[in-house]
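Student: Shown below is the structure under consideration.
The values are calculated or read from the model by the stated rules, or taken from the named source; none is laboratory data. Predicted model only: the values in this text are computed from it and were never measured. For neighbour counting, all protein chains shown are included, and Cβ atoms are generated from backbone atoms with ideal geometry for every residue, glycine included.
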Amino acid sequence: MTKKQHRTPGARHPERAALELLNTGVPGLNEILDGGLPTYSFNLLAGDPGAGKTTLAMQVLFANATATRPGLYITLLGETSLKMLRYQQQYGFFDLPRVGVDVHFLNLTAEALTGDLEEVLKRIVAEVERLKPGVVVVDSFRSLVRAQTGNAHPELELERFIQRLSQHLTTWEVTSFMIGEYRENELQSPIFTVADGIFWLTQATDRNSVVRKMQVVKMRGAALMPGLHTMRISGDGVQVFPRTPERPGDERKRGTKRLSTGIAGLDEMMHGGIPSGDSLILAGQTGTGKTTFAMQFACAGLRIGESVVIAIFEEHPETYLSRAKSLGVDLDEAIRHGKLRILYMRPLDLSVDETLDEIRKTVDEIGAIRVVIDSISGFEMALAPTFRADFRESLYRLIGALTGLGVTIFSTVEVPEGKEGLQLTGYQVSFLTDDILSQRYVEIEGELRKALVIVKMRGSNHSREFRMYDMTATGVLLRESLREYDGITSGSPKRELRLPRPTYPGLVGAEVLVLESVIRAGGLSAEQVAEITGLPKSGDGGVDAIIRRLEQLNFVTREGDRFSAEVRPRGF
Amino acid sequence: MALSDAAVTVPTNAAAIAVARRHWNSVAGSASTDEEVAAAADRLCLELHKGLSRWIGVEGYRTLQDRALQEIIAEHPALGKLSFGGNDETANLLAVRESGRKEVADGMVALVALVVELLGRIIGIEMALRLVEHWGDRARAES
């Protein structure tokens with residue numbers, strides 16, 4: 001149940017009171033509050049009807065009520081307590097055996113209807129003195145204003161009531177919630193000055209989607225997470241998805257390892273595969289095989305025992321799984337062994353934070369190394385319109401947060417058809433990703449073929465060739481290069497006669513790669529060569545051995561611990 | 001899920017009847033005279049009002065009690081002569097003398113049981129039993 005943390009005043013003032021924090025019992029909310037709810041805080045829970053105020057307060061109450069410091073839920077005006085009891089017990093947090101033991105309900109509707117706030121206050125105080133609760137909820141107090149028909153200044157009376165109530169509750173060491181239907185433009189009310197914390201809940205409908213959000217406008221003594229945080233109410237109660245989740249030590253983790261794409265030839269084009277911790281986008285028109293590429297990336301990881309998370313937004317998981325079978329990998333088995341999780345997310349009122357939360361939780365649970373997002377276009381459609389409006393920002397937050405986990409991300413995105421030129425992501429988010437692969441259709445000798453090119457790989461050398469590829473029954477098959485063609489990005493390339501590429505007599509494969517890296521850079525150390533090419537530094541076939549051979553053949557000369565190229569072929 | 005029948009002329013839930021009988025026995029004890037039975041009816045009315053109003057409000061309890069009385073009066077006409085304000089011993093004594101001690105006792109048990117059942121239809125029988133049991137224990141602890 002209750003698990004208290006402390007916010008310490010620091011070494012400078014050890015004699016000052018440490019602020020105890022209560023576990024709210026609402027997933028995601030403790031993070032927003034910088035650890036939890038300060039004990040003895042007097043909090044206002046405001047917002048539109050139906051926004052989730054009662055449920056949130058009830059959830060906090062159940063999370064913190066104990067036999068020695070019970071919870072007390074007081075109903076004034078608003079939802080009748082009968083209805084409240086009927087509906088709230090549908091939630092998972094509502095533990096029926098605890099009602100009457102450490103969770104108590106008190107109805108003061110009759111007193112509230114008289115408009116006599118003094119009497120209401122007296123009853124509440126009497127109950128607090130008798131029960132000595134740790135948490136009190138008063139639901140709701142705003143309507144007390146309307147009940148004071150004989151009073152010339154009902155708002156002033158209410159303000160006094162709140163002041164005195166706050167005083168009493170703090171004296172009795174109670175953490176409390178006052179629920180009120182206030183609108184955002186009423187934040188200037190003096191009542192809000194009294195409160196230590198203000199929680200603002202909203203519920204907005206946009207076309208067919210309903211999005212609930214929470215903002216913690218104020219919390220004394222806490223470094224709040226700012227902004228509007230998405231909320232969802234399910235059978236378990238309220239869950240909040242912090243807007244900019246940060247965890248200690250969440251920095252970009254890029255390793256030196258390379259991950260295989262699972263496609264023969266593509267790893268070589270990338271000079272070893274995808275750098276670990278990178279975010280890669282595969283952009284292509286419809287039907288170019290993006291999902292198959294992504295699947296092969298996932299399967300490559302599963303084959304060597306890595307755990308993988310696949311987030312899909314378009315295809316149903318069963319369709320996805322049967323497609324994978326044709327690639328020779330039984331994803332069902334990987335799922336059974338806990339190495340693979342497929343997240344199917346299509347509620348059409350999704351928020352970025354929910355998506356991120358789901359993926360992060362799953363990555364943590366199975367220790368995933370690879371994450372596939374298929375596709376970014378589908379993700380956009382699944383979002384609630386309010387988040388779709390600024391999709392770039394949404395994507396920025398999603399990819400930024402995921403790369404902080406140290407996983408390698410493979411995302412697919414559909415680019416518009418019918419445009420010439422090299423279409424990248426279509427979302428102007430190229431800057432977010434480390435690596436971009438672009439697929440397109442080309443017309444070659446009267447046939448519609450598929451081609452791909454590596455557009456960029458941050459901090460790494462890569463092939464710049466266009467390569468044709470086919471989709472076969474067992475996956476992607478890279479074909480010949482389109483080196484002899486010009487105008488590939490137009491969709492109708494033309495074959496040109498050209499001078500053959502320079503060759504390096506006596507050199508093969510990795511030796512050419514090392515030499516060209518040195519030439520391009522104008523001089524490198526062995527360590528730099530290893531990093532750029534992805535080749536091991538020592539051992540058979542390592543950079544040290546290759547450079548020794550290149551030196552012997554006079555292709556490179558040594559200058560201290562750096563090497564420069566001796567030969568510069570024509571056209572290079 | 002079909003809606004339950006609106007009319008309930010007698011309580012049928014065994015747990016509700018048992019808890020109602022328990023409450024009656026705790027206030028009536030071994031009451032054997034008209035005065036003792038009247039006083040017990042009085043006390044039970046007061047405890048029922050005080051205990052349940054706390055949870056569901058004065059108005060909430062009152063409407064529940066009114067409905068229960070309306071449903072059950074045909075089976076237990078003795079209830080029609082009782083005062084449920086919890087402060088009219090004279091009226092209740094008269095009712096006992098006119099209707100009989102057993103009839104009043106049976107009527108009170110049936111009324112409390114029906115209140116629990118009706119409450120259970122709204123908030124679930126488990127919750128209703130819990131509230132009524134807790135109310136009763138607390139009332140006795142306070143008195």
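Student: Could you tell me which residue of the range A:95-111 is surrounded by the most Cβ atoms within 10 Å (Cβ to Cβ), considering only residues that are touching a strand residue (DSSP E or B) at 6+ places or on another chain (Cβ under 9 Å) and within 19 Å of residue A:77 (Cα to Cα)?
Tutor: Only one residue tops the list, namely A:107.
Here's the yes/no breakdown for (1) in a helix (DSSP H, G or I); (2) at pLDDT 85 or above; (3) in contact with a strand residue (DSSP E or B) (Cβ under 6 Å, 6 or more places away or on another chain):
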residue: A:368; (1), (2), (3): no, yes, yes
residue: A:373; (1), (2), (3): no, yes, yes
residue: A:393; (1), (2), (3): yes, no, no
residue: A:396; (1), (2), (3): yes, no, no
residue: A:400; (1), (2), (3): yes, no, no
residue: A:411; (1), (2), (3): no, yes, yes
residue: A:418; (1), (2), (3): no, no, no
residue: A:421; (1), (2), (3): no, no, no
residue: A:424; (1), (2), (3): no, no, yes
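Student: Restricted to the range A:233-277, and to residues that are more than 30 Å from residue A:92 (Cα to Cα) and among the polar types (S, T, N, Q), which residue is modelled with the lowest pLDDT? Spell out how you get there, then give the answer.
Tutor: Taking the range A:233-277 and keeping what is more than 30 Å from residue A:92 (Cα to Cα), we get A:248-277.
Going one step further and asking which of them are among the polar types (S, T, N, Q), we end up with A:256, A:260-261, A:276.
On the way: A:256: 73, A:260: 95, A:261: 95, A:276: 92.
Result: A:256.
Student: Pairs only if they're at least six apart or on different chains, beta carbon under 8 angstrom, first in the range B:41-59 and small (Gly, Ala, Ser), second not in a helix (DSSP H, G or I); list them, first residue then second.
Tutor: B:41/B:82; B:53/A:107; B:57/A:75; B:57/A:80; B:57/A:107; B:57/A:108
Student: Looking only at residues in the range B:76-103 that are outside any helix (DSSP H, G or I) and within 17 Å of the chain's Cα centre (by Cα), which one is modelled with the highest pLDDT?
Tutor: So the residue we want is B:76.
Student: Filter the range B:40-61 for residues that are among the basic types (Lys, Arg) and within 14 Å of chain A (Cβ to nearest Cβ); which is surrounded by the fewest Cβ atoms within 10 Å (Cβ to Cβ)? Spell out the reasoning first.
Tutor: Of the range B:40-61, the ones among the basic types (Lys, Arg) are B:43, B:50, B:54.
Now narrow it down to the ones that are within 14 Å of chain A (Cβ to nearest Cβ): B:50, B:54.
On the way: B:50: 16, B:54: 22.
Checked the range B:40-61; the qualifying residue surrounded by the fewest Cβ atoms within 10 Å (Cβ to Cβ) is B:50.
Student: Among (1) modelled with pLDDT of 90 or more; (2) in a loop (DSSP other than H, G, I, E, B); (3) in contact with a Ser or Thr (Cβ under 9 Å, 6 or more places away or on another chain), which single condition is residue A:115 missing?
Tutor: Failing condition for residue A:115: (1).
Student: Could you check, for the range A:90-101, whether at least one of its residues is more than 13 Å from chain B (Cβ to nearest Cβ), of a type in the set (Gly, Ala, Ser), part of a strand (DSSP E or B) and under 27 Å from residue A:21 (Cα atoms)?
Tutor: no
Student: Additional query: Can you spot a residue in the range B:62-70 that is within 14 Å of chain A (Cβ to nearest Cβ), assigned to a loop (DSSP other than H, G, I, E, B) and buried (at least 16 other Cβ atoms within 10 Å of the Cβ)?
Tutor: No, the range B:62-70 has no match at all.
Student: Separate question: What tally of residues in the range A:287-305 results from selecting those that are part of a helix (DSSP H, G or I) and of a type in the set (Val, Ile, Thr)?
Tutor: Within the range A:287-305, residues that are part of a helix (DSSP H, G or I) and of a type in the set (Val, Ile, Thr) number 2.
Student: Can you work out which of the residues in the range A:102-124 that are more than 7 Å from chain B (Cβ to nearest Cβ) and among the β-branched types (Val, Ile, Thr) is nearest to the chain's Cα centre (by Cα)? Break it down into steps so the answer makes sense when it comes.
Tutor: Of the residues in the range A:102-124, the ones more than 7 Å from chain B (Cβ to nearest Cβ) are A:102-104, A:108, A:111-124.
Still in the running and among the β-branched types (Val, Ile, Thr): A:103, A:114, A:120, A:124.
On the way: A:103: 36, A:114: 50, A:120: 46, A:124: 43 Å.
Taking the candidates together, the pick is A:103.
Student: Before we move on, is residue A:453 at pLDDT 75 or above, within 30 Å of residue A:528 (Cα to Cα) and not basic (Lys, Arg)? Walk me through how you get there before you give the answer.
Tutor: Numbers: at pLDDT 75 or above: yes; within 30 Å of residue A:528 (Cα to Cα): yes; not basic (Lys, Arg): yes.
The answer is yes for residue A:453.
Student: Can you report the number of residues in the range A:156-198 which are farther than 20 Å from residue A:54 by Cα, in a helix (DSSP H, G or I) and touching a Phe, Trp or Tyr at 6+ places or on another chain (Cβ under 6 Å)?
Tutor: The total comes to 1.
Student: Please work out which one of (1) surrounded by fewer than 20 Cβ atoms within 10 Å (Cβ to Cβ); (2) modelled with pLDDT under 90; (3) within 14 Å of chain B (Cβ to nearest Cβ) is the condition residue A:84 fails and give its number.
Tutor: Only one criterion in (1) surrounded by fewer than 20 Cβ atoms within 10 Å (Cβ to Cβ); (2) modelled with pLDDT under 90; (3) within 14 Å of chain B (Cβ to nearest Cβ) is unmet by residue A:84, namely (1).
Student: Return the residues of the range A:33-77 that are part of a strand (DSSP E or B), of a type in the set (A, V, I, L, M) and away from every other protein chain (no Cβ under 14 Å); say none if nothing qualifies.
Tutor: Keep residues of the range A:33-77 that are part of a strand (DSSP E or B), which gives A:37-38, A:42-47, A:71-75.
Checking which are of a type in the set (A, V, I, L, M) leaves us with A:37, A:44-46, A:72, A:74.
Across the range A:33-77, the qualifying residues are A:37, A:44, A:45, A:46.
Student: Continuing with this model, one more query. Would you confirm whether any residue within the range B:30-39 is of a type outside the set (A, V, I, L, M), within 14 Å of chain A (Cβ to nearest Cβ) and outside any helix (DSSP H, G or I)? So that I can check it myself, show each step before the final result.
Tutor: So the first thing to find is which residues in the range B:30-39 are of a type outside the set (A, V, I, L, M), and the list is B:30, B:32-36.
If we keep only those that are within 14 Å of chain A (Cβ to nearest Cβ) as well, we get none.
Taking every residue of the range B:30-39 in turn, none turns out to be of a type outside the set (A, V, I, L, M), within 14 Å of chain A (Cβ to nearest Cβ) and outside any helix (DSSP H, G or I).
Student: Follow-up question, since we're still on this one. I'd like to check something: does the range B:81-103 contain any residue that is more than 14 Å from chain A (Cβ to nearest Cβ), out of contact with any strand residue (DSSP E or B) (no Cβ under 9 Å at 6 or more places or on another chain), without any contact (Cβ under 8 Å) to a residue 24 or more places away in the chain and acidic (Asp, Glu)?
Tutor: yes
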